[in-house]
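Input: a single structure, listed below in structure tokens.
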Amino acid sequence: TEELVYASFNGRLEARRVPVAIDALRRGGAAVTPTLVSIARLAGMLTDDVDALLARPTNAWMPPLVRAAWGRAMNPYRRVHAAADAARLCESLAFQEGRTAALDAAGVPLFAGSDSGWVPFLVHGDALRDERALLAGAGGPAPRGLAAATRAPGTFYGGPRGPGALAPGRAADVLVVEADPREDVRNVGRIDALVARGRVYGRADLDALVEGASAATAAEAPLAEALERGDVPGAVAKAKA
């Protein structure tokens, strides 16, 4: 929806132009990946909320050098934007949420995207969970956010036998959660087990995967600490070592 603002509205938040854009998408058989979470994160980075973002436990899933690039010393977005830009981004987010609801009402398929690993503080998995909540909050029920991450893209790309739904003949990629996400979309984060490509991963297996990824990049920690201090020669020396 951010790209729609640029392409269809010339960067202006003009509601009067929305029906024309939505009609063109619907007639063209296009789908839209709103990626509302990107704008929400960018706005947070430009305010004191950056401290809350730094404290998110899921940041530990990312390599130390990536996390260092997100911090106050190296964050590329904080270098080029002022805190005043946060208000503009919040206004754009509200506009995009309204357009997302209009797209959904017009029958345009919505997919859940996250920009993970590209925009700071968008962590794989975690960001998608937040995007589902934003999609559900953009004027619609929790199932909208769930369908956007499962059935909608699975059917759009895979046809009637594609992934994304619990039905005979579908690919058996299944996320098992502890509470009903149709009642509260946040329940999708209460993961008990996962079935992927026929293999079952219990909670202990999933935790071990995260721990293994952290261990594989642990050697980066001294480099990251040096860069966060602005000690580039020190980081180079540690890299050579």
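The values are calculated or read from the model by the stated rules, or taken from the named source; none is laboratory data. Everything numeric here is computed off the predicted structure, so don't read it as measured data. Virtual Cβ from ideal backbone geometry, glycine too; neighbours counted across all protein chains shown. Side chains are part of the model used for accessible areas, which takes the heavy atoms of the whole protein and leaves out ligands, DNA and RNA. Shrake-Rupley method; radii C 1.70, N 1.55, O 1.52, S 1.80 Å.
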Selection within region 185-212 - in contact (Cβ under 8 Å) with a residue 24 or more places away in the chain and surrounded by fewer than 15 Cβ atoms within 10 Å (Cβ to Cβ): Arg197, Gly198, Val210
Consider only pairs whose beta carbons are under 7 Å apart and that are at least six residues apart or on different chains; among these, list those whose first residue lies in region 1-23 and is modelled with pLDDT of 75 or more and whose second residue is basic (Lys, Arg). Thr1/Arg99; Leu4/Arg99; Val18/Arg99
Within the set of pairs 6+ apart or on separate chains, which have a first residue in region 34-48 that is on the phi < 0 side of the Ramachandran plot, a second that is part of a helix (DSSP H, G or I) and of a type in the set (S, T, N, Q), and C-beta atoms under 9 Å apart? Pro34/Gln96; Pro34/Thr100; Leu36/Gln96; Leu36/Thr100; Ile39/Ser92; Ile39/Gln96; Ala43/Ser92
For region 220-241, give me each residue that is open to solvent by 90 Å² or more (accessible area, probe 1.4 Å), outside any loop (DSSP other than H, G, I, E, B) and farther than 18 Å from Pro63 by Cα. Pro233, Lys240
Is there a residue being of a type in the set (D, E, K, R), part of a loop (DSSP other than H, G, I, E, B), under 17 Å from Thr35 (Cα atoms) and modelled with pLDDT of 90 or more anywhere in region 112-122? yes
Could you grab me the full set of residues in region 123-151 that are part of a loop (DSSP other than H, G, I, E, B) and either at pLDDT 85 or above or among the acidic types (Asp, Glu) (or both)? Val123, His124, Gly125, Thr150
